[in-house]
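Notes follow the structure.
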Amino acid sequence: MSVVAHRPHVYDIVYPQDITLPLILDSPHSGTLYPSDFRAAAPLHLLQQGEDRHVDDLYHAAPSHGATFLKALFPRVYIDANRHIDDLDASLIDGAWPTPLKPGEKTALGQGLIWKKCANGLAIYDRQLTITETQARINNYYLPYHQTLRSLIEAAHQKFNTVWHINCHSMPSISSSVCKEGPGHRRPDFTLGDRFGTTCSPEFTLYVKSILEDLGYYVTTNDPYAGAELVRAYSHPPSQRHSLQIEINRALYMDECSFCKTAGFDQLQENLHHVLSAIERYVKKNI
């Protein structure tokens, strides 16, 4: 039986009955608990388009395959755990931020550490955020999530001298106006991101790709997503710390307007059970 650890409103951790594998999964964008201090001007249904809805359910079998599974409970539009802590838009803040900022391309698109725009480009706020409330989001949500993921990865590495981390995401089936590639591009079934071979061994990326392709899926690598902060920050393949981002096309399992699961959900969930089983075998072989 799995063991669950909980930090209210921030994350759940589901542990396997016995930790016998250095395998960590995390789902940083499947949270649906919107904090009361959010005070967004955009309607809820547009904010929800930023969620990786149901991704945590798709991988529910992870602990039965020896994986520890960390799940965010807060939504990414409130604060995005998959961004660098300095990837913040200064124009969103009322006042001078106390440390240097390094806004990246996601901030330019309105989707940095704290999102400025919904997926369709609509402004999320009709106000600036105070320094105090922004720091509270970082201290109460972002940092605890990162600290917990780091500790899980480091504990596994210390015990086994190696660790595999799977960063779990979903993507809209069609790109929008705030996407790097521009609007109207149809997405693959799966995209694997290893930041062009820098966050995990190419062998592992190819292994997961082949498993998915054998199931009949169209799989790309590093296009349109190569992986962001959570695979960058805690990976170092020369030290046997491997992180791989997996993006799933939402049209495979849910209605992208109502966010309800479709008939394809159960089959995809079963196929991911097969993928997790294959990853379990790979990890056992390589420890």
Cβ contacts < 9 Å: first residue touching a residue at least 60 places away in the same chain (Cβ under 8 Å) and outside any loop (DSSP other than H, G, I, E, B), restricted to the range 93-111; second residue of a type outside the set (D, E) and open to solvent by 60 Å² or more (accessible area, probe 1.4 Å), any location; separation 6+ or different chain. Result? E105/K180; K106/K180; Q111/K117
Run down L47, L25 and say which single residue is of a type in the set (A, V, I, L, M), surrounded by 21 or more Cβ atoms within 10 Å (Cβ to Cβ) and out of contact with any helix residue (DSSP H, G or I) (no Cβ under 7 Å at 6 or more places or on another chain). L47
Scanning the range 58-95 for residues that are polar (S, T, N, Q) and open to solvent by less than 10 Å² (accessible area, probe 1.4 Å), the one farthest from Y142 (Cα to Cα) turns out to be T68
The correct count of residues that are open to solvent by 10 Å² or more (accessible area, probe 1.4 Å) and in contact with a Ser or Thr (Cβ under 9 Å, 6 or more places away or on another chain) in the range 137-154 is 1
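Restricting attention to the range 112-129, and to residues there that are open to solvent by less than 60 Å² (accessible area, probe 1.4 Å) and assigned to a strand (DSSP E or B), which single residue is nearest to A226 (Cα to Cα)? If you could, list the steps in order and put the result at the bottom.
As a first pass, look at the range 112-129 and keep what is open to solvent by less than 60 Å² (accessible area, probe 1.4 Å): 112-115, 118-119, 121, 123-125, 127, 129.
Among the residues that remain, those that are also assigned to a strand (DSSP E or B) are: 115, 123, 129.
Values: W115: 20, A123: 26, L129: 30 Å.
Looking at residues that are open to solvent by less than 60 Å² (accessible area, probe 1.4 Å) and assigned to a strand (DSSP E or B), I get W115.
Inspect the range 244-256 for any residue being without any contact (Cβ under 8 Å) to a residue 24 or more places away in the chain, closer than 30 Å to H45 by Cα and either out of contact with any Gly (no Cβ under 9 Å at 6 or more places or on another chain) or among the small types (G, A, S) (or both) and give the result as yes or no.
Filtering the range 244-256 for residues without any contact (Cβ under 8 Å) to a residue 24 or more places away in the chain gives 255.
Filter once more, keeping what is closer than 30 Å to H45 by Cα: 255.
Now narrow it down to the ones that are either out of contact with any Gly (no Cβ under 9 Å at 6 or more places or on another chain) or among the small types (G, A, S) (or both): 255.
Yes: one or more hits.
Confirm whether I93 is farther than 30 Å from S239 by Cβ, among the β-branched types (V, I, T) and modelled with pLDDT of 95 or more.
Values: farther than 30 Å from S239 by Cβ: yes; among the β-branched types (V, I, T): yes; modelled with pLDDT of 95 or more: yes.
Spelling it out, I93 is indeed farther than 30 Å from S239 by Cβ, among the β-branched types (V, I, T) and modelled with pLDDT of 95 or more.
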Right, F69: outside any loop (DSSP other than H, G, I, E, B), touching a Pro at 6+ places or on another chain (Cβ under 7 Å) and under 15 Å from D52 (Cβ atoms) or not? yes
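Considering only residues that are among the small types (G, A, S) and exposed (fewer than 15 other Cβ atoms within 10 Å of the Cβ), look in the range 28-44 and name the one that is nearest to K284 (Cα to Cα).
Looking at the filtered set, the residue picked out is S36.
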Output the residue which, of all residues in the range 182-222 that are surrounded by fewer than 13 Cβ atoms within 10 Å (Cβ to Cβ) and among the charged types (D, E, K, R), is nearest to V275 (Cα to Cα). D214
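In the range 159-181, which residue that is among the hydroxyl-bearing types (S, T, Y) and surrounded by fewer than 23 Cβ atoms within 10 Å (Cβ to Cβ) is farthest from H54 (Cα to Cα)?
T162
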Looking at (1) touching a residue at least 12 places away in the same chain (Cβ under 8 Å); (2) open to solvent by less than 30 Å² (accessible area, probe 1.4 Å); (3) closer than 24 Å to A108 by Cα, which is the only condition R232 fails? (2)
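Suppose the filter is surrounded by fewer than 15 Cβ atoms within 10 Å (Cβ to Cβ) and hydrophobic (A, V, I, L, M, F, W, C); does L244 pass it? Don't jump to the end; show me each part of the working.
Details: surrounded by fewer than 15 Cβ atoms within 10 Å (Cβ to Cβ): no; hydrophobic (A, V, I, L, M, F, W, C): yes.
Here the answer is no, as L244 does not meet what is asked.
The values are calculated or read from the model by the stated rules, or taken from the named source; none is laboratory data. If you're wondering where the values come from, they're calculated on a predicted model, not measured in any experiment. All Cβ positions, glycine included, derive from the backbone under ideal geometry; neighbour counts span all protein chains shown. Surface accessibility is based on the protein's heavy atoms, side chains included, excluding ligands, DNA and RNA. Shrake-Rupley method; radii C 1.70, N 1.55, O 1.52, S 1.80 Å.
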